[in-house]
Amino acid sequence: MRKTLLALGALLSCSATLAAHDYNLGSLHIEHPWAMAVPAVSPNGAAYLVIHNKGAEADKLLGADTARAGKTEIHEHLHKDGLMKMQQVQGGLDIPAGGEARLEQGGYHLMMFGLKQPLNDGDKFPMTLHFQKAGDLEVEIHVQKEAPAVAAEHQH
């Protein structure tokens, strides 16, 4: 009985740790905020996450900031005239009612300029997301050397 209780306690502890990396703010659910590890000489980096809007009203991600970088902007990758370029998203990123906004490699992302420390695999740091209706939410960004399996499964 004691071993069963200890095993159950360990399982619950692991589940709480895994679930702790998702966040809720009103009707918004933010899934696994992460950043790709970059070489120490890189001045910039990018953060990714998925925002689910479970509400009846649209919202908008207006921006983000972190003490880890001088400036953070919402960016997107565009394919135009056979070239891929990156540009800032003006006015924020819409999150439709009952829908989602995916910030992932090759698409929308949070571009961090002027990194004050390298993004090393295993690092964690805070970032504040700014939403038009829901307000501000601080999340913890997990730095990884490759895309998480969950995000990779959703890429097409």
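Read-outs throughout are calculated quantities, based only on the coordinates presented, and are distinct from any laboratory measurement. This is a predicted model, so every value here is computed, not measured. For neighbour counting, all protein chains shown are included, and Cβ atoms are generated from backbone atoms with ideal geometry for every residue, glycine included.
Along region 120-137 the Karplus relation, 6.51 cos²θ - 1.76 cosθ + 1.60 evaluated at θ = phi - 60°, assigns HN-Hα couplings of 9, 3, x, 5, 9, 8, x, 9, 9, 9, 10, 10, 4, 9, 6, x, 9, 9 Hz to successive residues, with x for each Gly and Pro. For ILE141, the residues whose amide H sits under 5 Å from its own are PHE125, MET127, ignoring neighbours fewer than 5 places away on the same chain, with H placed 1.01 Å from N.
Please quote Rg/Rh for region 40-156 to two decimal places, taking the Kirkwood radius as Rh and restricting both calculations to Cα atoms.
0.96
Neighbours of TYR23 by Cβ distance under 9 Å: Lys/Arg scored +1, Asp/Glu scored -1, total -4. Projecting label points 7 angstrom from Cα along Cα→Cβ for GLU100 and SER42 puts them 2.4 nm apart. Contact order for region 15-156, expressed relative to its length and based on alpha carbon pairs under 8 Å spaced 6+ residues apart, stands at 31 percent.
The local environment of ILE95, defined by Cβ-Cβ distances under 11 Å, has a net charge of 0 under the rule Lys, Arg +1 and Asp, Glu -1. Using θ = phi - 60° in the Karplus curve 6.51 cos²θ - 1.76 cosθ + 1.60, the 3J(HN,Hα) couplings for region 80-86 round to 9, 6, x, 10, 9, 9, 10 Hz; x is entered for Gly and Pro.
When Lys and Arg each count +1 and Asp and Glu each count -1, what net charge do the other residues less than 9 Å away from GLN132, Cβ to Cβ, add up to? List each step's numbers first, then the result.
Numbers: positive: LYS60, LYS133; negative: ASP59.
My count for the surroundings of GLN132 gives +1.
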